[in-house]
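What follows is one structure encoded as structure tokens, with my remarks underneath.
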Amino acid sequence: MSKIHVMSDALANKIAAGEVVEKVSSVVKELCENSLDAKAKTILVSLEDGGLKKIEVQDDGEGMDHEDALLAFQPHATSKLIKEDDLFFIDTLGFRGEALPSIASVSDVLLKTSNGGIGTTLEMKGGKLIKEEDSDSRIGTSITVTDLFYNTPARLKYLKTEASELSSCVSLIERLALSHDTVSFTLKNNDRVLVKTTGSGNLHKCIHEIYGLTVSSKMLEIKKSNDDFDVYGYVCKPEILKSNRNHFITMVNDRVIKNYDINRAINDAYYTYKPDTKYPIVILKINTDPTLIDVNIHPTKQDIKLSKIEALYDLIYTGIKEVLYKNLLIPDAVKKPEYNEIKEEYVTQFIKENESVDDTYKESNQVTLDLSYEEEKESPIVINEEMKKLVLYPVGVALGTYIIAQNEEGVYLIDQHAAQERVNYERYLKALKESKTSSIGLLFPITIELSSSEFLIVKNNLQVLQDLGFQVEEFGMNTFVFKEHPTWLKSGYEEESIHKILDILIENNGAFDRVKFNEHIAITLACKMSIKANMHISNEAVEELLNELVLCDNPYNCPHGRPTIIKFSIYDLERMFKRVMN
Ligand code: ZN
Ligand code: ZN
């Protein structure tokens with residue numbers, strides 16, 4: 001019996017709006033997903049000129065017989081969905097089946113496939129079959145797409161430059177490879193290998209193959225379970241953050257998905273470990289009972305809805321927090337260039353090179369892949385508890401801003417503002433978390449006048465202020481009087497601090513969760529109360545600050561996520577001064 005079924009129109013319509021093929025990477029994505037559905041173990045994607053000239057996807061999947069090959073180009077043909085109820089479960093990767101006919105309608109497609117018997121070759125142009133013949137019986141499928149959008153000039157116009165199409169293909173294949181570590185992916189452009197994974201089934205090794213050693217040695221394993229969810233994967237240390245979110249890869253039951261709450265859990269877990277504009281590399285595999293998943297929201301957009309999402313949020317949030325807490329290291333001052341950076345540069349440069357440069361130049365610029373992988377190469381992980389024993393001996397302060405310190409391992413630079421901010425932040429946060437706050441009376445009560453809208457918000461949230469340890473009352477028109485304040489407010493800065501806290505309360509308009517409110521207060525006050533750059537700091541204060549810093553839960557970042565401390569190891573220094581070679 002044929003494996004491909006023609007689905008009903010009703011179902012076709014249900015698959016919301018249909019997948020639109022709009023760029024090279026969407027063609028590559030559809031073809032690769034078909035290969036994965038066909039249980040391929042090896043997928044080779046070969047592009048010419050970033051795919052604008054030619055896209056070829058070859059796999060060693062189970063292939064199709066003659067009948068299925070023909071059916072694959074019929075609209076509404078799908079091997080993935082048989083009855084409407086199946087939409088409820090995510091057991092297979094794709095939802096489509098529309099992809100091949102849509103691609104074929106706007107390009108030339110050459111299909112070669114065999115499931116072990118006599119193979120089939122089909123050639124389609126603008127959606128019409130123009131050639132059909134037997135071919136060899138190598139098991140698997142290869143699809144070659146040329147002249148994309150030749151008959152739809154409007155779409156053709158929207159194809160981006162070669163470099164930009166290529167870079168989205170690179171990031172697509174990286175994501176696919178990371179989410180299918182048992183499948184070997186290769187991406188080539190004009191015969192240069194840009195991505196290559198071995199399909200070893202070892203996620204860490206796959207990360208190494210995609211990002212190189214610099215990243216793979218800084219990934220931390222996470223493994224957490226509760227009654228409904230198993231979470232497994234890797235998250236990066238805050239020192240190798242990326243400037244976009246493309247490096248969040250989350251899978252539920254082996255399907256790559258996007259889910260707002262999962263992303264929020266990741267972001268919240270990295271809160272204060274990173275600046276707002278930077279994003280971690282996170283690869284998470286989540287397994288759960290398929291009945292907890294509702295895919296009907298919008299199957300083509302990778303969006304899914306999960307029951308018991310709060311439990312999953314907590315699991316991911318605490319899992320990442322724990323692993324970050326246990327495994328932080330002071331970032332090294334000396335960084336080796338990453339393979340990934342070289343690759344990105346290549347992608348943006350490649351057009352010029354290809355047009356004007358001879359082969360010898362190309363040879364010397366060949367992007368070489370180092371796939372050698374040994375777990376032992378990982379830098380040893382130092383847990384936070386050990387760092388708390390770290391002793392830093394101050395040497396002096398440079399540029400009025402950076403404390404220089406040393407110990408038997410090397411030389412450290414510490415940003416005096418960032419370091420003190422971290423110390424104060426943890427102190428405030430701890431004080432705020434304490435259920436019983438101790439308060440102290442003000443000799444001269446502080447009155448604060450607000451606008452009437454602000455006054456109303458504060459009035460509705462007086463309990464919040466009382467919980468923090470303030471004794472506060474209404475005092476005439478739009479005014480409050482503060483008679484007691486919590487002991488942790490820095491003396492001399494009481495009024496300023498109260499203003500800051502009221503600002504935060506008003507900004508949140510009462511709609512906040514308590515944990516975030518406390519964190520916000522702690523960050524704001526910590527920044528305000530910390531010594532600024534270019535402000536003189538005494539030797540005793542330096543010593544005290546260093547001692548307090550190493551005792552912090554996270555001594556390595558200020559609460560805004562910037563680094564507090566950078567290390568030059570003795571080896572780095574010797575290498576820089578060429579006392580040692582290599
Ligand atoms: Zn600050
Ligand atoms: Zn800061």
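Just checking: which of the strands (runs of 3 or more DSSP E) contained wholly in the range 133-225 hold 2 or more residues that are touching a residue at least 12 places away in the same chain (Cβ under 8 Å) and under 20 Å from Ile281 (Cβ atoms)? Output list reads 184-189, 192-196, 219-225. Residues that are exposed (fewer than 14 other Cβ atoms within 10 Å of the Cβ) number at least 2 in the following strands (runs of 3 or more DSSP E) confined to the range 239-326: 293-298.
Is it the case that Glu474 is acidic (Asp, Glu), surrounded by fewer than 16 Cβ atoms within 10 Å (Cβ to Cβ), without any contact (Cβ under 8 Å) to a residue 40 or more places away in the chain and within 20 Å of Thr524 (Cα to Cα)? No: the conditions fail for Glu474. Against the criterion of being open to solvent by less than 30 Å² (accessible area, probe 1.4 Å), closer than 18 Å to Val323 by Cβ and either in the same structural domain as Val45 (by TED's automatic domain parsing) or polar (S, T, N, Q) (or both), Thr197 does not qualify.
Scanning the range 106-133 for residues that are farther than 30 Å from Leu156 by Cα, open to solvent by 60 Å² or more (accessible area, probe 1.4 Å) and touching a strand residue (DSSP E or B) at 6+ places or on another chain (Cβ under 6 Å) yields Ile118, Glu133.
How many residues does the range 420-447 hold that are touching a residue at least 40 places away in the same chain (Cβ under 8 Å), away from ligand 2 (no atom under 16 Å from the Cβ) and surrounded by 12 or more Cβ atoms within 10 Å (Cβ to Cβ)? Give the steps one after another, and end with the answer.
Of the range 420-447, the ones touching a residue at least 40 places away in the same chain (Cβ under 8 Å) are 420-429, 431-433, 437-442, 446.
Cutting the leftovers down to away from ligand 2 (no atom under 16 Å from the Cβ) gives us 431-433, 437-442, 446.
Subsequent filtering for residues that are surrounded by 12 or more Cβ atoms within 10 Å (Cβ to Cβ) retains 431-433, 437, 439-440, 442, 446.
Number satisfying all stated conditions: 8.
Among what's in the range 134-148 and is surrounded by fewer than 16 Cβ atoms within 10 Å (Cβ to Cβ) and of a type in the set (Ser, Thr, Tyr), pick the residue that is nearest to Gly63 (Cα to Cα). Among residues in the range 134-148 that are surrounded by fewer than 16 Cβ atoms within 10 Å (Cβ to Cβ) and of a type in the set (Ser, Thr, Tyr), the one nearest to Gly63 (Cα to Cα) is Ser137.
Which one is farthest from ligand 1 (Cβ to nearest atom) among residues in the range 530-568 that are small (Gly, Ala, Ser) and closer than 26 Å to Tyr270 by Cβ?
Applying the filter and picking the extreme gives Gly561.
Among residues of the range 452-466 that are acidic (Asp, Glu), those with a Cβ under 6 angstrom from a residue that is open to solvent by less than 70 Å² (accessible area, probe 1.4 Å), sequence gap 6+ or separate chain, pair up as Glu454/Ile506.
Just to check your reading of the model, which residue among Val231, Val183, Val215 is more than 16 Å from the chain's Cα centre (by Cα) and not polar (S, T, N, Q)?
Details: Val231 fails: more than 16 Å from the chain's Cα centre (by Cα); Val215 fails: more than 16 Å from the chain's Cα centre (by Cα).
None of the others qualify; the one that does is Val183.
For the range 37-52, the set of residues classified as out of contact with any helix residue (DSSP H, G or I) (no Cβ under 8 Å at 6 or more places or on another chain) and buried (at least 22 other Cβ atoms within 10 Å of the Cβ) consists of Ala40 only.
Looking only at the range 506-529, filter to residues that are more than 16 Å from ligand 1 (Cβ to nearest atom) and hydrophobic (A, V, I, L, M, F, W, C); which one of those is nearest to Ile448 (Cα to Cα)? So, considering only residues that are more than 16 Å from ligand 1 (Cβ to nearest atom) and hydrophobic (A, V, I, L, M, F, W, C), the one nearest to Ile448 (Cα to Cα) is Ile506. Listed by first and then second residue, the pairs linking a residue in the range 547-566 that is under 21 Å from Asn518 (Cα atoms) and without any contact (Cβ under 8 Å) to a residue 40 or more places away in the chain to a residue that is crowded, with 18+ Cβ neighbours inside 10 Å and small (Gly, Ala, Ser), with Cβ atoms under 6 Å apart and 6 or more places separating them unless they lie on different chains, form an empty list. Would you say Phe95 is over 29 Å from Ala163 (Cβ atoms), surrounded by 19 or more Cβ atoms within 10 Å (Cβ to Cβ) and at pLDDT below 90? So Phe95 passes the test.
Inspect all residues belonging to the range 410-417 and state whether any of them is open to solvent by less than 50 Å² (accessible area, probe 1.4 Å), in a helix (DSSP H, G or I), at pLDDT 80 or above and within 16 Å of ligand 2 (Cβ to nearest atom). First the steps, then the outcome.
We begin by selecting, within the range 410-417, every residue open to solvent by less than 50 Å² (accessible area, probe 1.4 Å); these are 410-412, 414-417.
Still in the list and also in a helix (DSSP H, G or I): 416-417.
Next, only the ones that are at pLDDT 80 or above stay: 416-417.
Right, trim to within 16 Å of ligand 2 (Cβ to nearest atom) and you get 416-417.
Taking every residue of the range 410-417 in turn, at least one turns out to be open to solvent by less than 50 Å² (accessible area, probe 1.4 Å), in a helix (DSSP H, G or I), at pLDDT 80 or above and within 16 Å of ligand 2 (Cβ to nearest atom).
Hey, does the range 147-166 have a residue that's touching a strand residue (DSSP E or B) at 6+ places or on another chain (Cβ under 9 Å), under 22 Å from Ala40 (Cα atoms) and not assigned by TED's automatic domain parsing to the domain that holds Cys236? No - not one qualifying residue is present in the range 147-166.
The values are calculated or read from the model by the stated rules, or taken from the named source; none is laboratory data. Because the structure is a prediction, the values reported are computed rather than measured. We place every Cβ from the backbone using ideal geometry, glycine too, and count neighbours over all the protein chains shown. The protein model used for the area step is the full one, side chains on, heavy atoms only, and it has no ligands, DNA or RNA in it. Shrake-Rupley method; radii C 1.70, N 1.55, O 1.52, S 1.80 Å.
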